[in-house]
Amino acid sequence: MDGASTCNQHLTSRLGLVALWGIIGVVAILAKAVARLLPFALELAEYALAPLEVVSLIAWIAIMAVAEGYRGFHRQFSPRVVARAVHLGAHPKGWLVALAPLYCIGLVHATRRRLITSWVLTVAIIGLVIGVRQLAQPWRGIVDSGVVVGLAIGIGSILYFAVRAARGHAMPVPPDVPA
């Protein structure tokens, strides 16, 4: 058996298939967003950016790395996704298992506060996506570059917390499930 197979078996046995389904589903959603935005970010290489645009690009990437990547994902969203995945794995219910990625994001079967927060953030993100689509290059690429960096940090963070959970570590945030 190779190392990758052993690692996959270890994660599966420690987290369980239900938890892995939730985590992989959330990572897939985020990866799809990265795949959609990355071409607009890479398109910036075809532009001779003005000094203001270069400064804006650097500042926006830094802001998004800290605000979205570290503060949003690593400190809150990612550990909660994994905490909810672990909780669902320990308490599986058919319809929740089927919706595991949405469960892990906090869009279903969560505390009232978590549901409100998750749905408001989701609607706000959809609104921002619609707004950013209206921007012309290079500004769309600048915005999308920062978002890609934040999402990439988020994906890495979810995987980091999944490995920690598989090793038996508790998550630093509650799963926010109803009593």
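The values are calculated or read from the model by the stated rules, or taken from the named source; none is laboratory data. Remember, predicted model here, so these are calculated numbers, not experimental data. With ideal geometry, Cβ positions are generated from the backbone for all residues, glycine too; neighbour counts draw on all protein chains shown.
Counting only residues that are within 26 Å of D144 (Cα to Cα) and in contact (Cβ under 8 Å) with a residue 60 or more places away in the chain, give me the helices (runs of 4 or more DSSP H) lying completely in segment 25-125 with at least 3 of them. Walk me through how you get there before you give the answer.
Numbers: elements: 51-64, 78-90, 94-98, 100-105.
Counting at least 3 such residues, we get 51-64, 78-90, 100-105.
Kindly evaluate H109 against the criterion of being modelled with pLDDT under 95 and under 21 Å from V173 (Cβ atoms).
Working: modelled with pLDDT under 95: no; under 21 Å from V173 (Cβ atoms): yes.
In short, no.
How many of the residues in segment 97-111 are more than 15 Å from I29 (Cα to Cα) and surrounded by fewer than 18 Cβ atoms within 10 Å (Cβ to Cβ)? Working first, answer last.
Residues of segment 97-111 that are more than 15 Å from I29 (Cα to Cα), as a first pass: 97-98, 108-111.
Checking which are surrounded by fewer than 18 Cβ atoms within 10 Å (Cβ to Cβ) leaves us with 97-98, 108, 111.
Selection size over segment 97-111: 4.
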